[in-house]
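**Q** Provided herewith is a single structure, encoded as structure tokens, for subsequent inquiry.
Readers should treat all values here as calculations from the given coordinates under stated rules, not as data from a laboratory. Owing to the predicted nature of the structure, the values given are computational and were not obtained by experimental measurement. Positions of Cβ are generated from backbone atoms using ideal geometry, with glycine treated the same way; all protein chains shown enter the neighbour counts.
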Amino acid sequence: MRLDQEGRYIYMKISSQDTIFKLLNIYAPNIDLYQLRFFNNVQGLLEDIREEGGKLIIGGDFNVIFDPSKDRKGGNFKITNSYSAVIDVLDDIIENNNLCDIWRTKHPDLRAYTWRQRRPEIHSRLDVWLISDVLQDFVKEIDIQQI
């Protein structure tokens, strides 16, 4: 098991039915500059553990809007250079680890949100599950529930 110094991620490797799973739970900062440093650190961790083999599952509060046209409603969202840099690092993480955003894969055009603010009214999908591509067929259903 590994923890980062700021308590923003926990990583563990488990074995179940002769399959190794690498599980990473994250709670990313919500400020672009800190997000970039955080996701660069996550990228470094993933490079360190790549040789361990197994199937990777990353879940948690990314505090990032992957696709503003589908994952955001309301407010004045602007894509800054630093935000673009964060998205670039996340795209690299996804590509280099053969991951997919399983909720978006199963719901390519659906708009649903995991975070809301009343005034001004803003909705965003900030909580994400990235899984190894080879696990897609094992996911029969994934949904966003309002509690």
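**Q** With +1 on each Lys and Arg Cβ and -1 on each Asp and Glu Cβ, how big is the dipole of segment 2-138 about its Cα centre, in debye rounded to the nearest 20?
**A** Working: 18 positive and 21 negative charges, 157 e Å.
That gives segment 2-138 a dipole magnitude of about 760 debye.
**Q** Turning to a different aspect of this structure: Using alpha carbons only, how many degrees (0 to 90, rounded to 10) separate the axis of helix 81-96 from the longest principal axis of the chain?
**A** Approximately 30 degrees, to the nearest 10.
**Q** Using Cα positions and a limit of under 26 Å, work out the lysines in reach of residue 73, with same-chain residues fewer than 8 apart set aside.
**A** List returned: 106.
**Q** On a 0 to 90° scale, report how tilted helix 32-49 is relative to the longest principal axis of the chain, with both axes built from alpha carbons and the result rounded to the nearest 10.
**A** Taking the Cα atoms of the chain, the angle to 32-49 is about 20 degrees.
**Q** When the helix-only estimate is applied to the chain (DSSP H runs of n ≥ 4, each -39,500 (n - 2.57), divided by the residue count), what is the mean residue ellipticity at 222 nm, nearest 500 deg cm²/dmol?
**A** So the helix-based figure for the chain works out to -9000 deg cm²/dmol.
**Q** Between residue 112 and residue 87, what's the calculated FRET efficiency when r is the beta-carbon distance and R0 is 22 Å? Round to 0.05.
**A** The pair residue 112/residue 87 has a calculated efficiency of 0.65.
**Q** Stretched out fully, how many nm does the piece from residue 121 to residue 145 gain, at 0.36 nm a residue minus the Cα gap?
**A** Taking 0.36 nm per residue and subtracting the Cα distance, the gain is 6.7 nm.
**Q** Using a Förster distance of 30 Å, how high is the FRET efficiency between residue 98 and residue 77, based on the Cβ-Cβ distance and rounded to 0.05?
**A** Numbers: r = 29 Å, r/R0 = 0.97.
It comes out at approximately 0.55.
**Q** Moving to a separate point now. Put a dot 7 Å past each Cα toward the Cβ at residue 134 and residue 34; how far apart are the dots in nm?
**A** 3.7 nm
**Q** How far apart, in nm, are two points set 7 Å out from the Cα along the Cα-to-Cβ line at residue 41 and at residue 19?
**A** 3.1 nm
**Q** What net charge do the residues around residue 124 carry, taking every other residue with its C-beta under 13 Å from that of residue 124, with Lys and Arg at +1 and Asp and Glu at -1?
**A** +1
**Q** Still on this structure, I have one more. For segment 70-147, what is Rg from Cα atoms divided by 2.2 N^0.38 Å, rounded to two decimals?
**A** Segment 70-147 yields a ratio of 1.23.
**Q** What does the charge count near residue 53 come to, summing +1 for each Lys or Arg and -1 for each Asp or Glu among other residues with Cβ under 11 Å from its Cβ?
**A** +2
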